[in-house]
Amino acid sequence: MEIAPLIWKLSAEGKSLAEIATELNWRNVPTPQGRRWHQTGIQRILRRTESAFPALAAAAAAKPDRRRVRAQERAERIVSLVWRIALTAKSLHAVAKEMKRLGVPISCHTGAGQDFIAMP
């Protein structure tokens, strides 16, 4: 089975190396050595076959950086949550308590009569 086209197709869809390896393992597609897929094997195949699949390589290169997209999505969710809580709360300490109750990861420090919220 020619595996490179499938790997390039998954990469062009925006899947990470780990997600591609998981997908291939889930489909029970063995490596050329008959083992399970890992990120490094996926990366090697993409590097070695890039010239054979220029259209898929261009599509994969055009996708946004997944880490940046995830960080931005997480920040947007947290910011909207903080504002929603802050509009109804009387103090930053009340905001921190409500966020803790909702399971948002924060640390709240009280010093010199002031409340500070630190996001990890």
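For the stretch 41-78, give me each residue that is open to solvent by 80 Å² or more (accessible area, probe 1.4 Å) and hydroxyl-bearing (Ser, Thr, Tyr).
The one that is open to solvent by 80 Å² or more (accessible area, probe 1.4 Å) and hydroxyl-bearing (Ser, Thr, Tyr): SER51.
Of all residues in the stretch 57-87, which are of a type in the set (Lys, Arg) and in contact (Cβ under 8 Å) with a residue 40 or more places away in the chain?
Scanning the stretch 57-87 gives LYS63, ARG66.
Is it fair to say ALA21 is open to solvent by less than 50 Å² (accessible area, probe 1.4 Å), of a type in the set (A, V, I, L, M, F, W, C), touching a Phe, Trp or Tyr at 6+ places or on another chain (Cβ under 7 Å) and in a helix (DSSP H, G or I)?
Yes; evaluated as a whole, the condition is true for this residue.
Cβ-Cβ distance below 6 Å, separation of 6 or more or different chains: which pairs start in the stretch 9-25 with a residue that is over 20 Å from ALA58 (Cβ atoms) and end on one that is surrounded by 15 or more Cβ atoms within 10 Å (Cβ to Cβ) and among the β-branched types (Val, Ile, Thr)?
ALA21/ILE42
Please enumerate the residues belonging to the stretch 60-105 that are closer than 30 Å to GLU50 by Cα and touching a Phe, Trp or Tyr at 6+ places or on another chain (Cβ under 8 Å).
Within the stretch 60-105, ALA60 is the sole residue that qualifies.
Looking for something of a type outside the set (Gly, Ala, Ser), part of a loop (DSSP other than H, G, I, E, B) and within 25 Å of TRP8 (Cα to Cα) - is there at least one such residue anywhere in the stretch 85-95?
The answer is no; no qualifying residue exists.
Take the conditions small (Gly, Ala, Ser), within 21 Å of ASP65 (Cβ to Cβ) and surrounded by 17 or more Cβ atoms within 10 Å (Cβ to Cβ) and apply them to SER11. Does it pass?
Taking the combined requirement at face value, the residue satisfies it.
Taking only the stretch 25-66 into account, find how many residues are of a type in the set (S, T, N, Q) and under 15 Å from PRO5 (Cβ atoms).
Number satisfying all stated conditions: 2.
The values are calculated or read from the model by the stated rules, or taken from the named source; none is laboratory data. Being a predicted model, the structure only gives us computed values, none of them experimental. Note that each Cβ is placed from the backbone with ideal geometry, even for glycine, and that neighbours are counted across all protein chains shown. Areas reflect the complete protein model, heavy atoms only, side chains present, ligands, DNA and RNA absent. Shrake-Rupley method; radii C 1.70, N 1.55, O 1.52, S 1.80 Å.
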